[in-house]
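The values are calculated or read from the model by the stated rules, or taken from the named source; none is laboratory data. These numbers were taken from a predicted model, which means no experiment stands behind them. Don't worry about glycine lacking a Cβ; one is built from the backbone with ideal geometry, like all the others, and counts go over all protein chains shown. Surface areas here come from the heavy atoms of the whole protein model, side chains and all, with no ligands, DNA or RNA. Shrake-Rupley method; radii C 1.70, N 1.55, O 1.52, S 1.80 Å.
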Amino acid sequence: MKTYAVIGNPIKHSLSPLIHNYTIEKLGINARYIKILLPENIDAKYLRNFILDSDIEGINITVPFKELAFSSTNVNDGIANKIQAINTIIKDHNNLRGYNTDIVGLQKCFEKYNLKSALIIGAGGSARSAALALKNSGISMSIANRTPSKLKFFEQFGPTIHIKNNDIDSLYIQKYSVIINATSTSLNNILPMNKKTLEELFQNSSLIFDLVYSKDETIFCNLAKECNINYLDGKDMLIFQAAMSFLYFHKLDTSLLELVIKYMQEALNSFLD
Ligand code: NDP
């Protein structure tokens, strides 16, 4: 039996094992998918050795290891090289191959909406995927983050904004079609900046998107609900990126993508019911 895993810190919240294992069973594949909590302060060498020394064939990477994971691999696909952050690794003898399926997952989420501009809050690995997905979809963007040094990478995508004392300069409180929360703050039930500023931003937008998902509304989506603005959380993205990773893990043809999505959606729906 082959073993696959998702690694992160925290990892308890991850629904990846649920949707992967259900789909593995439905397709009669001899495999299992587990979750692994890794220490927060590891380096790329530790991660590389951890994967190579384990019996794990393929790994998904979540918060906060996506950029570190990129440095731990020795071959990465083109799109991953552009943003230097990955969410999927395949072990191939002594090689680790990195892929980024978050970008396609995000693009699929955006395509349903007529978006012209975006504000990304956050500057971690998933914000990098969001920036490239927006660029590929022809949507202009600004990027805001608490730690200014992390914004450097994003200068290639649009104006960058420092979130200082939990707030942004009023100059940047403008009309954005979508506000994307690419921070991990919802996992801790906190907002990525002060509520009043977020409310002002939300009133000018047509869609609020939190990358974090949960059974109930996240705190970010809940604020959108209070402001009467359309919102979506990370569940659709979870399914799309997981389905693409699933094809890589089990070497399946892309013609099976829709079936994999269907099974993953079934698993998620049964959890939500
Ligand atoms: P990273 O650890 O790489 O980045 C975290 C980001 O959150 C940084 O910008 C960080 O800011 C910000 N942040 C953390 N705490 C705070 C805080 N208290 N106030 C303000 N900002 C804060 O994580 P990822 O980019 O990999 O993931 C981000 C989130 O997206 C995760 O919660 C993850 O679960 C979710 N996600 C969901 C997916 C899905 O399929 N739905 C796929 C991928 C990710 P700073 O730089 O200042 O530290």
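At a glance:
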read-out	value
Matching option when the condition is open to solvent by 20 Å² or more (accessible area, probe 1.4 Å), closer than 23 Å to residue 61 by Cβ, away from the ligand (no atom under 14 Å from the Cβ) and not β-branched (Val, Ile, Thr), among 262, 251, 225, 175	251
Residue satisfying all of: in segment 125-138; open to solvent by 10 Å² or more (accessible area, probe 1.4 Å) and out of contact with any helix residue (DSSP H, G or I) (no Cβ under 7 Å at 6 or more places or on another chain); nearest to residue 102 (Cα to Cα) among these	135
Pair list, Cβ under 7 Å, 6 or more apart: segment 177-188 residue more than 16 Å from residue 134 (Cβ to Cβ) and in contact (Cβ under 8 Å) with a residue 60 or more places away in the chain, other residue part of a loop (DSSP other than H, G, I, E, B) and more than 6 Å from the ligand (Cβ to nearest atom)	187/10; 187/13
Segment 194-211: number of residues that are open to solvent by less than 20 Å² (accessible area, probe 1.4 Å) and either part of a helix (DSSP H, G or I) or within 7 Å of the ligand (Cβ to nearest atom) (or both)	4
Segment 47-87, subset acidic (Asp, Glu) and closer than 19 Å to residue 251 by Cβ, residue farthest from the chain's Cα centre (by Cα)	55
Failed item, numbered, when residue 79 is tested on (1) of a type in the set (A, V, I, L, M, F, W, C); (2) more than 11 Å from the ligand (Cβ to nearest atom); (3) in a loop (DSSP other than H, G, I, E, B)	(3)
Any hit, segment 69-76, residues being within 13 Å of the ligand (Cβ to nearest atom) and closer than 28 Å to residue 263 by Cβ	yes
Qualifying residue in segment 49-58 (condition: closer than 25 Å to residue 151 by Cα, in contact (Cβ under 8 Å) with a residue 24 or more places away in the chain and touching a strand residue (DSSP E or B) at 6+ places or on another chain (Cβ under 8 Å))	no
